[in-house]
Amino acid sequence: MKKLLELTLGILTAIGAFVDIGDLVANAETGARFQMGLTWAVLLGTLGICLYAEMAGRVATLSKRATFDVIRERMGARLGMVTLIASFLVNFLTLAAEIGGLALVLQLLSDLNYLLWVIPVAIAVWLVIWRVKFSMLDKSISIIGLALLVMVVAVARFGPDYGALIHSATHPVVPKTETHALYWYWAVSILGATMTVYEPFFFSAGAIEEKWGREDLVVNRTNVYIGFPLGAVISLAIMALGTLFLFPRGITVEHLSQAGLPV
């Protein structure tokens with residue numbers, strides 16, 4: 001029973017970690033602009049992050065060393081430093097986007113300008129990272145991840161023509177009002193939002209802190225190969241809501257509040 005609970009929490013954690021502010025905005029915007037025409041980008045990104053995250057957890061479990069330690073050992077200090085700096089900058093930008101997203105959510109709840117929330121949110125995030133144990137973060141993200149299922153429920157309640165959605169996904173078309181350059185720009189955005197750099201570090205750090213052994217490799221694979229695809233289902237549900245609700249009305253997602261309009 002304990003192992004089953006750990007598996008369930010791990011899967012929910014992967015779902016919560018998969019769908020972040022980047023996925024919410026990018027998938028809603030692409031659905032509003034290109035309908036389901038960028039489904040392939042979500043699927044490709046999901047495959048990529050599954051491979052990277054599972055590998056990071058497995059290597060850390062067996063070597064008892066964090067991902068960057070192994071990279072530095074195999075690639076050398078100089079190339080390892082380039083990797084570290086690049087990943088640090090991308091993670092920093094991701095963290096800034098997440099803090100900004102939280103500030104925008106609080107603005108929607110309080111009517112106070114989001115800029116007034118940025119510093120308090122940043123301090124709260126720092127305190128959580130500094131003081132809260134990984135296991136607590138793990139469980140908290142799991143519970144929060146459940147709220148994202150509202151996207152899937154909203155699509156089902158809409159009662160869409162699933163055949164039309166599948167056709168839109170398998171026969172992508174760039175509308176006359178858009179450009180091919182913009183289409184590929186959003187394709188890269190979805191790939192970047194899906195294959196987030198912090199995920200391999202997250203699994204690596206979790207394996208070290210939780211002292212995973214060989215018996216935990218099954219948990220690692222289960223979390224990755226079930227949790228992330230379920231997260232992709234939520235991402236596609238967000239895109240579908242943009243397709244069903246925003247695209248016919250010509251609404252583009254310029255504010256976070258517009259991403260939640262279909263729900």
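Here are the numbers for the structure shown:
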{"quantity": "Only listed residue being acidic (Asp, Glu), closer than 14 Å to Arg33 by Cα and touching a residue at least 60 places away in the same chain (Cβ under 8 Å), chosen from Glu178, Glu254", "calculated": "Glu178"}
{"quantity": "Selection within region 38-76 - open to solvent by 40 Å² or more (accessible area, probe 1.4 Å), among the hydrophobic types (A, V, I, L, M, F, W, C) and at pLDDT 85 or above", "calculated": "Trp40, Leu43, Leu44, Leu47, Leu51, Met55, Val59, Leu62"}
{"quantity": "Count - residues of region 177-202 that are open to solvent by 20 Å² or more (accessible area, probe 1.4 Å) and not in a helix (DSSP H, G or I)", "calculated": "5"}
{"quantity": "Ser235 being closer than 18 Å to Leu44 by Cα, open to solvent by 10 Å² or more (accessible area, probe 1.4 Å) and among the hydroxyl-bearing types (Ser, Thr, Tyr)", "calculated": "no"}
{"quantity": "Unmet criterion (only one of (1) touching a His at 6+ places or on another chain (Cβ under 8 Å); (2) hydrophobic (A, V, I, L, M, F, W, C); (3) part of a helix (DSSP H, G or I)) for Val174", "calculated": "(3)"}
{"quantity": "Candidates Leu148, Leu109 - the one that is open to solvent by 80 Å² or more (accessible area, probe 1.4 Å) and at pLDDT 80 or above", "calculated": "Leu109"}
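The values are calculated or read from the model by the stated rules, or taken from the named source; none is laboratory data. If you're wondering where the values come from, they're calculated on a predicted model, not measured in any experiment. So basically every Cβ, Gly included, is an ideal-geometry build from the backbone, and we count neighbours across all protein chains shown. Accessible surface areas use protein heavy atoms only, side chains included; no ligands, DNA or RNA. Shrake-Rupley method; radii C 1.70, N 1.55, O 1.52, S 1.80 Å.
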